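To keep things clear, I will list the structure first and then write my remarks on it.
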Amino acid sequence: MRLRRLFAVSAAGVAVVLGTTVAASAAANSGSAVAPDSLRALAANIGLRIGTAVIPFDLDHPDYQAIAAGQFSVVTPGNEMKWQVVEPAQGTFDWSGADRLVAFAEQHGQLIRGHTLLWHSQLPDWLTTGVANGTISNAQLRNLLHQHITTEVSRYKGRIWQWDVANEFFTDSNPSTINPNDFWVSHLGAGIIADAFRWAHQADPHALLFYNDYNIAGEDGTNAKSDAVFAWLKQMLAQGVPINGVGDQGHLDTQYGFSGTQMTQDLQRYASLGLKLAITEADVRTFVNNATDQVPTDHLATFAQPYEFGQMLKACLAVRQCISFTVWGFGDADSWVPGFFTGEGYATIYDVNLNPKPAYTELQQDLRLAGSGAPHRVPSGAGR
Ligand code: G3I
């Protein structure tokens with residue numbers, strides 16, 4: 001493991017953010033030694049939480065654990081709170097991964113983003129099979145979902161800072177709409193999304209409840225999806241649905257355009273509704289030599305990749321309601337990207353050997369500057 005000088009940072013300094021019960025308890029438990037130049041310490045200077053998705057059982061590896069604890073102040077289970085994982089057979093639960101992550105976070109003064117309660121993907125086979133063969137009716141499906149949300153949110157009541165209640169409901173088309181073919185919408189109607197927020201709120205009234213999606217902050221060029229999500233949120237809030245925030249996943253690819261300015265404007269627009277913002281799954285992928293080494297094939301990608309990370313962080317920094325910035329895993333070896341996008345990788349901020357990449361330095365530098373503010377310019381001479 002890389003040697004690192006460790007300094008104790010006061011609990012108050014690490015956990016300035018929120019004024020919520022969860023934040024107070026995380027601050028009280030924060031006994032970890034945190035380096036002052038770590039991402040989490042630099043972010044704490046401005047009340048921002050910097051986060052990562054975690055694979056709980058990778059925490060057995062000392063190098064992985066040291067980075068997860070030392071660099072980040074909020075963690076998200078990449079898979080271990082999804083329905084498929086927590087209830088693999090009907091009525092049989094496996095909370096081992098989720099419990100492990102929650103315990104780790106509390107031990108290290110970190111907050112937790114719960115992910116995710118209502119999504120078309122990673123559902124248990126018993127559920128999707130039952131719906132497909134008609135042994136689970138729509139009325140039963142609705143009850144099962146209510147029960148699932150209540151069980152999971154209640155289990156961690158008071159310990160989850162933000163819940164991604166609903167995930168990825170909008171189409172990628174222009175104009176974008178709630179996807180009528182989505183598993184949940186096609187069986188239970190679009191109103192099920194609002195119900196999920198109501199049920200989550202009943203189970204833990206203090207958790208911040210988020211709508212989470214990709215390409216909803218200018219990443220799609222047309223901004224169509226952002227427009228649709230914004231209009232829907234406005235409608236939901238007018239109806240009193242307990243939604244507290246919007247999570248923009250932030251999965252970028254250097255082969256496409258991306259405007260940090262557009263992202264800032266979109267985040268600001270959500271904030272104008274009274275919502276909090278979070279970047280929830282940031283990564284920037286590019287074409288690589290192979291999935292093992294993940295060396296970019298285009299030299300310019302080594303500049304574009306950290307640049308786009310920096311643009312996302314700066315957009316978050318520019319909007320005061322943006323309370324957390326989470327990367328979707330911190331090392332290339334653990335990234336979901338090579339398994340989903342043939343030929344692509346290099347998407348995270350540490351390389352396959354857990355050495356920090358330029359993207360890490362970019363985030364560190366942005367946070368350092370944000371914390372101290374840019375210095376005033378030196379005088380440049382009379383009249384100039
Ligand atoms: O656990 C099994 C393992 O037993 C088996 O040997 C292996 C063989 O493929 O699969 C393992 O399951 C994989 C699981 O991740 C855990 O590693 C699944 O195949 C794989 O599909 C699954 O991928 C996850 C993906 O969501 C599923 O859509 C990624 O890890 C996870 O990072 C990713 O996260 C999503 C967010 O939840 C929502 N936003 C998009 C994001 C990226 O797709």
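Taking every DSSP beta bridge that has both ends in region 25-372, the antiparallel portion is near 15%. Comparing Q122, Q262, Q239 in a Gaussian network model of the chain where C-alpha atoms under 10 Å apart are linked, the largest mean-square fluctuation is found at Q239.
Determine, for the chain, the count of lysine pairs separated by eight or more sequence positions (or lying on different chains) whose alpha-carbon distance falls under 24 Å. Lysine pairs meeting the criterion: 9.
Report the equivalent ellipsoid semi-axes for the chain in whole Å, largest first, defined as the square roots of five times the eigenvalues of the gyration tensor built from alpha carbon atoms.
Rounded to whole Å, the semi-axes are 33, 24, 22.
Across region 354-362, computed HN-Hα scalar couplings (Karplus, 6.51 cos²θ - 1.76 cosθ + 1.60, θ = phi - 60°) run 6, 8, x, 9, x, 5, 4, 4, 4 Hz from first to last residue, x flagging Gly and Pro. Using θ = phi - 60° in the Karplus curve 6.51 cos²θ - 1.76 cosθ + 1.60, the 3J(HN,Hα) couplings for region 225-237 round to 5, 4, 4, 5, 5, 4, 4, 5, 4, 4, 5, 4, 5 Hz; x is entered for Gly and Pro.
Remark on T326: its backbone amide H falls under 5 Å from those of G51, I279, T280, E281, A282, a criterion applied only to residues 5 or more positions apart or on other chains, H modelled at 1.01 Å from N.
Of the residues A228, A89, A217, the one that moves most in a GNM of the chain with alpha-carbon contacts below 10 Å is A89. Rounded to the nearest Hz, the phi-derived 3J(HN,Hα) couplings of region 104-115 under the Karplus curve 6.51 cos²θ - 1.76 cosθ + 1.60 (θ = phi - 60°) are 4, 4, 5, 5, 10, x, 9, 8, 10, 9, x, 8, where x marks glycine and proline. Tell me the relative contact order for region 25-372 as a rounded percent, counting alpha carbon contacts under 8 Å between residues six or more apart. Computed over region 25-372, the figure is 16 percent. Annotation for region 213-279 versus region 118-189: alpha-carbon center distance of 21 Å. Put simply, the amide H of L111, placed in the peptide plane, has neighbours under 5 Å in V74, V75, leaving out anything fewer than 5 places away on its chain.
Scanning residues 5 or more positions from R285 or on other chains, those with amide H under 5 Å from its amide H are L252, D253, T254, with H placed 1.01 Å from N in the peptide plane.
Read-outs throughout are calculated quantities, based only on the coordinates presented, and are distinct from any laboratory measurement. Since the structure is predicted, the reported quantities are computational estimates derived from the model, not experimental observations.
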